Amino acid sequence: MTHHLPRTVLPAAAVALVLGLAAPATASPAPPATAAGHTLPAGTRFYVDPDSDAAHQAVTDLKNHDLAGAATMAKLASWPEATWFTGGTPAEVRTQVAKLMRDAGRTGTVPTLVAYNIPLRDCSLYSAGGAQSDAEYQAWIKAFAQGIGNGKAVVVLEPDGLANLPSDCGPASDPTGVLTAGRIADLNTAVDALEGQPGTSVYLDAGNSHWKSVGDIAQRLLQAGVARTQGFSLNVSNNLATDLNTHYGTWVSTCLWFATKGPAWANGHADSCAGQYYSSAAPNDGLPGNAVDPDDPSTWHWTDQWFQQNAGTPPTGQLTHFVVDTSRNGRGAWTPPQGKYSGDPQIWCNAPGRGIGARPTADTGVPLVDAYLWVKTVGQSDGQCNRSVPGGTIDPEYGAVDPAAGAWWPEQAQSLVQNAVPALTFNLNLH
């Protein structure tokens, strides 16, 4: 993010033209927002960073006379991905965000930004880091919002921040609850600061369909101020199939309505909602198919039935919207060979054989899904996974030590593109 646009446009554009993959397109204004300024029009075009990892890899491959590799990376570099902001001082993040907004503004496109600096981030594991205190974070996120200004932007707010509260990190991680209370306060401050900008669409991260139960995450979303945002985000940096996340997200959205606008007895009781792990509408008698199984969507009709019985059909206009990260879910979740690992195989971490999913778009065709986005940078490592092999540092799936979290991994990028579903083509809607 240190170069100016005229210098950084060259790599991706040059590689594309050399390889005959694209012709220059003319910039056009971003679609107008609604009066509220927070809903994404279906025709929204998202910002493509000309200085991305993939763009630089395309140039490297071209210099090394790897035309096939360069073509693959040029195609990847033509698609919009989110920009992550993970630290720095308030002044630094304000400057960095403002620069991104200017770059996007020149192309008439909408950037997707990820705010990822919450204290005790990732339970101090693979992606450890974050602000050192609640006060430090709140100053940082207010500066982040100031950097956005009046422009149109999408913000994915603190991946895993709600699904991995300090109280979830271990039995002794937050004995008094003060750290979790601070987390909720931080997120509420962030919501108010970001939503105070007229063109910012904020999505509070809610994990994914194989993590927190519907009622649990809905309750956390309410506590963090989701009612004051555009909605929530799902599947960030994960590879669960889009249809599973859409199904789960619809339940979460309906649960939010149920606990706030539903029957009087349900007020404040998001924890009563059925979900992907349990539904009281099912027989739950131990017979196959008679209970909800998070790994068997054919059983999810029991949860659908619970919502039909208890929530009915809520008014569409009162349901909370969401976005789904499709950057690595084209082939769905990874299932390790049975018996290969005795411990946690870390199916979320640098899962092998995965592929890019649906292309970024605000025209999803699903009423509650505002956009499919590439939130996780395609080709960046999740961390140094070891599949829970005691004392192991090597990832058995790759036979080597994985790159550190956030590091560019060219081989993984190539694999994700090669396995894309549908097959990855060049983005012809470039500015």
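The values are calculated or read from the model by the stated rules, or taken from the named source; none is laboratory data. Being a predicted model, the structure only gives us computed values, none of them experimental. Neighbour counts run over all protein chains shown; Cβ positions are idealised from the backbone, glycine included.
Values computed for the structure shown
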{"read-out": "Of all residues making up segment 305-321, the number that are in contact (Cβ under 8 Å) with a residue 24 or more places away in the chain and closer than 23 Å to residue 281 by Cα", "value": "8"}
{"read-out": "Among the residues listed as 71, 139, 55, the single one being surrounded by 24 or more Cβ atoms within 10 Å (Cβ to Cβ), of a type outside the set (Phe, Trp, Tyr) and modelled with pLDDT of 95 or more", "value": "55"}
{"read-out": "Checking residue 41 against (1) closer than 16 Å to residue 360 by Cβ; (2) modelled with pLDDT of 95 or more, the condition it does not meet", "value": "(2)"}
{"read-out": "Residue match in segment 385-404 (condition: within 20 Å of residue 54 (Cβ to Cβ) and without any contact (Cβ under 8 Å) to a residue 40 or more places away in the chain)", "value": "yes"}
{"read-out": "Count of segment 233-266 residues which are more than 26 Å from residue 115 (Cα to Cα), surrounded by fewer than 21 Cβ atoms within 10 Å (Cβ to Cβ) and among the aliphatic types (A, V, I, L, M)", "value": "2"}
{"read-out": "Filter result (over 19 Å from residue 243 (Cβ atoms) and in a helix (DSSP H, G or I)) within segment 287-307", "value": "306"}
{"read-out": "Residue under evaluation residue 359, criteria (1) surrounded by fewer than 22 Cβ atoms within 10 Å (Cβ to Cβ); (2) out of contact with any strand residue (DSSP E or B) (no Cβ under 8 Å at 6 or more places or on another chain); (3) closer than 28 Å to residue 58 by Cβ, criterion not met", "value": "(2)"}
{"read-out": "Lone unmet requirement of (1) part of a loop (DSSP other than H, G, I, E, B); (2) touching a residue at least 40 places away in the same chain (Cβ under 8 Å) for residue 324", "value": "(1)"}
{"read-out": "Single residue of segment 159-212 satisfying the filter (of a type in the set (D, E, K, R) and within 30 Å of residue 293 (Cβ to Cβ)) that is surrounded by the fewest Cβ atoms within 10 Å (Cβ to Cβ)", "value": "168"}
{"read-out": "Of all residues in segment 100-131 being modelled with pLDDT of 95 or more and of a type in the set (S, T, N, Q), the one that is farthest from residue 203 (Cα to Cα)", "value": "107"}
{"read-out": "Single residue of 330, 275 found to be modelled with pLDDT of 95 or more, within 16 Å of residue 211 (Cβ to Cβ) and part of a loop (DSSP other than H, G, I, E, B)", "value": "275"}
{"read-out": "Checklist (1) surrounded by 20 or more Cβ atoms within 10 Å (Cβ to Cβ); (2) touching a helix residue (DSSP H, G or I) at 6+ places or on another chain (Cβ under 6 Å) applied to residue 426, failing item", "value": "(1)"}
{"read-out": "Residue check, residue 79 crowded, with 21+ Cβ neighbours inside 10 Å, of a type in the set (Phe, Trp, Tyr), assigned to a loop (DSSP other than H, G, I, E, B) and at pLDDT 95 or above", "value": "yes"}
